[in-house]
Amino acid sequence: MHHRQIRIGIDLGGTKIAAIALDGDGRELIRRRIATPRGDYAATVAAVHKLVRDMESELGVVASVGMGIPGAISPATGLVKNANSTWLIGQPLKQDLSAALQREVRIENDANCFIVSEATDGAARDAEVAFGVIVGTGTGGGIAIAGRAVTGVNAIGGEWGHNPLPWPGDDERPGPSCYCGKQACIETYLSGPGLERDYAAGAGVALSVPEIVARAEDGEPGAEATLVRYEQRMARALASVINVLDPQVIVLGGGLSNIARLYTTVPRLWQEYVFSDQVATQLRPPRHGDASGVRGAAWLWPAGDNNTTTC
């Protein structure tokens, strides 16, 4: 194998693992996607290891590897914390993957990877301050200032999903239980499972998010009411972020970022809750879609910092 600057990015999601290989100019060479071995830590490490090895053998290189995870590596312990993929919590993921691949693997929060990608050459490339939202299996957030992620001293920068839903109605209290041990977390309302649960509570039947959206488009009142509640909740939740961070751009990512109506409805609704006479913040879809997380993960190794040496 010969060395040229190839970066592999991995996005370790709750339901899927996506991988990408970029050349030195940021061009995509290979993309892969597999199902996440849910609930099985050892199988998750093995799956990532195999993905990287397969891509490297296809390209004939040893690459740098960066990975985004739904959570963070604790600065205090070096172990995974805050992961809605709960089987990762308390595990030495960075050490185990680095040992398996015999090189340092850099790991960041998936929402931080997402917003770095979008702030570099995506939907927030013109924004000094940008907030990235991942609404999928969980609800994550990341902050980019001048294109760089704000990780924070506790490695929780941007983690809005575990604040309580702001300005709750009486019917929203005490709120659903969250895996973090609290109730009424934003994640329990805005995640895909949260939206699905909200629909099932009214309709008495469980449907996937795409099915609920399709039914709303077909005029089903229950599905429409579910999306209206979702938009209201997202507007309140993002208004609380705007009141603290005041970003030029908020970019949505994750599976629920594909709901097109959010981009017109939510900014209209958040006007009522943002502490300003008018709100110039823009809500945008991701330019790189599902690929943003993997691109941002690949760029955890900046140019000229390509560590492919054995640890």
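The values are calculated or read from the model by the stated rules, or taken from the named source; none is laboratory data. Just so you know, these numbers come straight off a predicted model, no measurement behind them. With ideal geometry, Cβ positions are generated from the backbone for all residues, glycine too; neighbour counts draw on all protein chains shown.
Values computed for the structure shown
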| read-out | value |
| --- | --- |
| Neighbours by Cβ (under 9 Å, 6+ apart or cross-chain): first from region 12-40, more than 30 Å from residue 90 (Cα to Cα); second assigned to a loop (DSSP other than H, G, I, E, B) and charged (D, E, K, R) | 23/4; 24/4; 29/23 |
| Number of the exception - residue 254 against (1) on the phi > 0 side of the Ramachandran plot; (2) small (Gly, Ala, Ser); (3) without any contact (Cβ under 8 Å) to a residue 24 or more places away in the chain | (3) |
| Qualifying residues in region 166-190 (those that are under 19 Å from residue 254 (Cβ atoms) and touching a residue at least 60 places away in the same chain (Cβ under 8 Å)) - the one surrounded by the most Cβ atoms within 10 Å (Cβ to Cβ) | 187 |
| Test: residue in region 138-159 that is in a helix (DSSP H, G or I), touching a strand residue (DSSP E or B) at 6+ places or on another chain (Cβ under 8 Å) and either of a type in the set (Phe, Trp, Tyr) or under 19 Å from residue 89 (Cα atoms) (or both) | no |
| Filtered residues of region 170-199 (kept if farther than 27 Å from residue 82 by Cα and either at pLDDT 95 or above or of a type in the set (Val, Ile, Thr) (or both)) | 170 |
| Residue within region 213-235 that is among the aliphatic types (A, V, I, L, M), crowded, with 17+ Cβ neighbours inside 10 Å, in a loop (DSSP other than H, G, I, E, B) and out of contact with any Ser or Thr (no Cβ under 7 Å at 6 or more places or on another chain) present | no |
| Tally of residues being part of a helix (DSSP H, G or I) and crowded, with 24+ Cβ neighbours inside 10 Å across region 119-128 | 1 |
| Unique residue being in contact (Cβ under 8 Å) with a residue 12 or more places away in the chain and within 19 Å of residue 159 (Cβ to Cβ) when the list is 222, 202, 293 | 293 |
| Residue 43 vs. criteria in a helix (DSSP H, G or I), over 30 Å from residue 162 (Cα atoms) and either at pLDDT 95 or above or over 21 Å from the mean Cα position of the chain (by Cα) (or both) | no |
| Criterion: assigned by TED's automatic domain parsing to the domain that holds residue 127, crowded, with 23+ Cβ neighbours inside 10 Å, over 30 Å from residue 63 (Cα atoms) and of a type outside the set (Val, Ile, Thr) - qualifying residue of 262, 238 | 238 |
| Criterion violated by residue 116 - all others in (1) touching a helix residue (DSSP H, G or I) at 6+ places or on another chain (Cβ under 6 Å); (2) within 24 Å of residue 231 (Cα to Cα); (3) of a type outside the set (Ser, Thr, Tyr); (4) outside any loop (DSSP other than H, G, I, E, B) satisfied | (2) |
| Residue among 266, 244, 251 that is under 21 Å from the mean Cα position of the chain (by Cα), among the β-branched types (Val, Ile, Thr) and within 18 Å of residue 116 (Cα to Cα) | 251 |
| Cross-chain or 6+ apart pairs with Cβ under 9 Å, region 128-140 first and of a type in the set (Ser, Thr, Tyr), then surrounded by 24 or more Cβ atoms within 10 Å (Cβ to Cβ) and in a strand (DSSP E or B) | 139/133; 139/185 |
| Single residue of region 277-299 satisfying the filter (in a loop (DSSP other than H, G, I, E, B) and touching a helix residue (DSSP H, G or I) at 6+ places or on another chain (Cβ under 7 Å)) that is modelled with the lowest pLDDT | 299 |
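Listed here are the residues, each with its yes/no results for (1) closer than 17 Å to residue 291 by Cα; (2) buried (at least 23 other Cβ atoms within 10 Å of the Cβ).
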site	(1), (2)
25	yes, no
33	yes, no
48	yes, yes
56	no, no
62	no, no
